[in-house]
Amino acid sequence: MSQLFKFKQFSIEQDRCAMKIGTDGVLLGAWTPVDTSLESILDIGAGTGIIALMLAQRSNADVVDAIEIDADAYEQCVENFEGSPWGDRLYCYHAGLDEFVDEIEDQYELITCNPPFYSENVSSGNLQRDQARQNGFLPFNELIASAAVLLAENGLFTTVIPYKEKDEFVAMAEEKGLYLIKCTYVKGNSTAEVKRVLLAFSKNKTPLESSELVIETERHSYTDDYIALTKEFYLKM
């Protein structure tokens, strides 16, 4: 059964993907800094392909690559790429990150990842869903080490993770020569606790740019900041 999700410039089928389109992925795709001269992008763990598609819409990059290990998600990602206005620039590899790092000699100017981050490795009985959700299938240290290898010297690596994991993630990144240069704390509403954090890393140290993003003023009523960030994508923004 089709689970078509329509955005302003493209649509996503997601019935064969364990992880459906969610706020984290859309936030990362909209928030990630995009330079006008950007030529190459890599989305690690593409799932439906949502982030790669958003970055293709936002940039003129000739190369927008993605990797996805799950066979069903990979096939659906390819179909979503081919059905988009930027099909000639988008390419998905069916591979694990370790395999990709071993085989690819290119470096990318922008690398992004919405990683699995549930650290509790309790099986749901669905391997596909567990792969998409659980940190054990893509440990943060492996993600960071791979990003450091694949990232061009003046490139940017962006991700979204739970707030409670931030300090450890930033410390691991520094060990690999990746320095936090932009950070946005995400709250569901003004009185909620910070649950997620959007992070951008560079191989070059620059002063940290820090901000806060509140999504809703009340249920289904969005803040001006959130609307400004996502209005190029969501139909009703």
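For every residue, the table says whether it meets (1) hydrophobic (A, V, I, L, M, F, W, C); (2) closer than 14 Å to T23 by Cα.
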{"site": "K164", "(1), (2)": "no, no"}
{"site": "R196", "(1), (2)": "no, yes"}
{"site": "L199", "(1), (2)": "yes, no"}
{"site": "D225", "(1), (2)": "no, no"}
Within the group A147, A192, which residue is at negative phi, in a loop (DSSP other than H, G, I, E, B) and aliphatic (A, V, I, L, M)?
A192
Checking G87 against (1) assigned to a helix (DSSP H, G or I); (2) open to solvent by less than 40 Å² (accessible area, probe 1.4 Å), which single condition isn't satisfied?
(1)
Please tell me if Q3 is at pLDDT 95 or above, touching a strand residue (DSSP E or B) at 6+ places or on another chain (Cβ under 9 Å) and of a type in the set (S, T, N, Q).
no
If you scan region 3-48, which residues turn out to be β-branched (V, I, T), open to solvent by less than 60 Å² (accessible area, probe 1.4 Å) and assigned to a loop (DSSP other than H, G, I, E, B)?
I21, T32, V34, T48
Total residues in region 196-233, condition in contact (Cβ under 8 Å) with a residue 24 or more places away in the chain, assigned to a strand (DSSP E or B) and either touching a strand residue (DSSP E or B) at 6+ places or on another chain (Cβ under 8 Å) or of a type in the set (A, V, I, L, M) (or both):
14
Name the residue that is nearest to C17 (Cα to Cα), counting only residues in region 47-72 that are small (G, A, S) and modelled with pLDDT of 95 or more.
G49
Residue selected from region 49-84 under the condition in contact with a Ser or Thr (Cβ under 9 Å, 6 or more places away or on another chain) and β-branched (V, I, T), by the criterion surrounded by the fewest Cβ atoms within 10 Å (Cβ to Cβ):
V63
Criterion: among the basic types (K, R), surrounded by 14 or more Cβ atoms within 10 Å (Cβ to Cβ) and without any contact (Cβ under 8 Å) to a residue 60 or more places away in the chain - qualifying residue of K236, K176:
K176
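The values are calculated or read from the model by the stated rules, or taken from the named source; none is laboratory data. It should be emphasised that the depicted structure is a prediction, and the values quoted were computed from it without experimental measurement. No Cβ is skipped: glycine too gets one built from the backbone with ideal geometry, and neighbour counts run over all protein chains shown. The accessibility values were calculated without ligands, DNA or RNA, using every heavy atom of the protein model including side chains. Shrake-Rupley method; radii C 1.70, N 1.55, O 1.52, S 1.80 Å.
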